[in-house]
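Working notes, beginning with the structure itself.
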Amino acid sequence: DAGITQSPRHKVTETGTPVTLRCHQTENHRYMYWYRQDPGHGLRLIHYSYGVKDTDKGEVSDGYSVSRSKTEDFLLTLESATSSQTSVYFCAISPSKGEAFFGQGTRLTVV
Amino acid sequence: EDQVTQSPEALRLQEGESSSLNCSYTVSGLRGLFWYRQDPGKGPEFLFTLYSAGEEKEKERLKATLTKKESFLHITAPKPEDSATYLCAVQRNTGNQFYFGTGTSLTVIP
């Protein structure tokens, strides 16, 4: 496995609470991504980062924010969780050119 | 708008029965096309990268090919352990985002 660790692996939270998911890499890759995966929609990009403190929105960024204060860590925050954010979240990393490598995912349930 | 469409959505094969999965794409300026395998409860696992039309890559029973509009993942004499969801993604020349199709769920029956 590429050196990617997502935490937590599973989380149940209540509607309206903030939630932070963490992605940690040991590969020193420049690019980091957060995707969500839902049945019928495939993998959809939430936010991505192209360097420390450099981030940009993906196609489904509403309700999410990110931060990258160190090369190795990329945090995804759900500011006020809603049931529609129940999903499996994947972090991915890639060098400047080439394929992306994925973490094992975080299963988030908002009740 | 960039688009990636995979077909079929699901495919059931007998062990040893060869077939192909399709990934058609529209993207303005393709940097690369990527194939992944995903097992239930796990993250996608990288298989191949294709950069230009006519390129082919092989790994065990899998062979990926690329044209200007689509890619095929050929599976020769599949085994039950090849059962998984296969995902296709494209990356543009500008930016570094990856755009994914919804995948083909492959089941190989012994």
Considering residues of the stretch A:55-74 that are in a strand (DSSP E or B) and among the small types (Gly, Ala, Ser) only, the residue farthest from B:LYS42 (Cα to Cα): A:SER69
Some residue of the stretch B:72-95 being without any contact (Cβ under 8 Å) to a residue 12 or more places away in the chain, over 13 Å from the mean Cα position of the chain (by Cα) and within 14 Å of chain A (Cβ to nearest Cβ): yes
Any hit, the stretch A:48-56, residues being among the polar types (S, T, N, Q), within 14 Å of chain B (Cβ to nearest Cβ), more than 16 Å from B:TYR99 (Cα to Cα) and touching a Leu at 6+ places or on another chain (Cβ under 6 Å): no
Some residue of the stretch A:75-96 being on the phi > 0 side of the Ramachandran plot and in a loop (DSSP other than H, G, I, E, B): no
Of residues in the stretch B:41-60 being within 11 Å of another protein chain (Cβ to nearest Cβ) and part of a loop (DSSP other than H, G, I, E, B), the one farthest from A:PRO95 (Cα to Cα): B:GLY41
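Here is a yes/no grid of residues against (1) closer than 30 Å to A:ARG9 by Cα; (2) of a type in the set (Lys, Arg); (3) crowded, with 20+ Cβ neighbours inside 10 Å:
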position: B:GLU58; (1), (2), (3): no, no, no
position: B:LYS63; (1), (2), (3): no, yes, no
position: B:LEU66; (1), (2), (3): no, no, yes
position: B:PRO78; (1), (2), (3): no, no, yes
position: B:ALA89; (1), (2), (3): yes, no, yes
position: B:ARG92; (1), (2), (3): no, yes, no
position: B:THR104; (1), (2), (3): yes, no, yes
Subset of the stretch A:16-54 [hydroxyl-bearing (Ser, Thr, Tyr), part of a strand (DSSP E or B) and either over 11 Å from A:LEU75 (Cα atoms) or in contact with a helix residue (DSSP H, G or I) (Cβ under 9 Å, 6 or more places away or on another chain) (or both)]: A:TYR31, A:TYR35, A:TYR50
Subset of the stretch A:75-96 [facing another protein chain (nearest Cβ under 10 Å) and under 22 Å from B:ARG31 (Cβ atoms)]: A:PHE90, A:CYS91, A:ALA92, A:SER94, A:PRO95, A:SER96
Set A:GLU59, A:GLU72, A:GLU99: member being under 15 Å from B:PHE100 (Cα atoms), among the charged types (D, E, K, R) and either exposed (fewer than 15 other Cβ atoms within 10 Å of the Cβ) or more than 14 Å from chain B (Cβ to nearest Cβ) (or both): A:GLU59
B:GLY32 within 14 Å of another protein chain (Cβ to nearest Cβ) and in contact (Cβ under 8 Å) with a residue 60 or more places away in the chain: no
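A short reminder: the numbers here are calculations on the coordinates, not readings from a lab. Since the structure is predicted, the reported quantities are computational estimates derived from the model, not experimental observations. Counting neighbours? That spans all protein chains shown, and the Cβs are built from the backbone with ideal geometry, glycine included.
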